[in-house]
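The next block holds one structure in the form of structure tokens; read it before the comments.
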Amino acid sequence: VCALHGSDPISIALEGIGSFRQKHGHTWWVGVQADPELVVLAGALAEALRQIGLAIQRREFQPHITLARGVHSSGPVLLEVPSCEFTVPGISLMRSQHKGDRMVYTELARV
């Protein structure tokens, strides 16, 4: 992650939308194109966290933005996300924890 210091900002583009079912309803997300720089950065971060003893899932990196959690609907949900590209001036390492019936996000580090 420290390699990001002094680097150019990363550009990302939104791509697709979807959901997956969980115990407490659906989670809706919008996909982010897997820019090679973003994939390399995610891999380096995961490896650095493993080396300090954190349990990191070993699954393919799927960049996305979570839109909503715990969504219940009685019929089909139709969502559209316009094509959009934007620059990300920095990144944050976030911890997500279930606290009761909600998720709590805590920023651990920012670069």
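The values are calculated or read from the model by the stated rules, or taken from the named source; none is laboratory data. It should be emphasised that the depicted structure is a prediction, and the values quoted were computed from it without experimental measurement. Here the Cβ is made from the backbone with ideal geometry for all residues, glycine too, and neighbour counts use every protein chain on show. Each accessible area value is taken on the protein alone, full model and side chains, heavy atoms only, with ligands, DNA and RNA left out. Shrake-Rupley method; radii C 1.70, N 1.55, O 1.52, S 1.80 Å.
One table, with the values for the structure above:
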quantity	calculated
Restricting segment 63-74 to residues that are open to solvent by 90 Å² or more (accessible area, probe 1.4 Å) and modelled with pLDDT under 85, the residue that is farthest from Leu45 (Cα to Cα)	Ser74
Neighbours by Cβ (under 7 Å, 6+ apart or cross-chain): first from segment 68-80, in contact (Cβ under 8 Å) with a residue 40 or more places away in the chain; second among the aliphatic types (A, V, I, L, M)	Arg69/Met103; Leu79/Ile17
Qualifying strands (runs of 3 or more DSSP E) (wholly inside segment 64-111; at least 1 residues being of a type in the set (Ser, Thr, Tyr) and over 29 Å from Lys23 (Cβ atoms))	85-88
Residue, farthest from Phe86 (Cα to Cα), within segment 17-62, restricted to residues that are open to solvent by 100 Å² or more (accessible area, probe 1.4 Å) and in contact with a strand residue (DSSP E or B) (Cβ under 6 Å, 6 or more places away or on another chain)	His24
Where Leu14 falls short, out of the listed (1) touching a strand residue (DSSP E or B) at 6+ places or on another chain (Cβ under 8 Å); (2) assigned to a loop (DSSP other than H, G, I, E, B); (3) of a type outside the set (Phe, Trp, Tyr); (4) surrounded by 14 or more Cβ atoms within 10 Å (Cβ to Cβ)	(2)
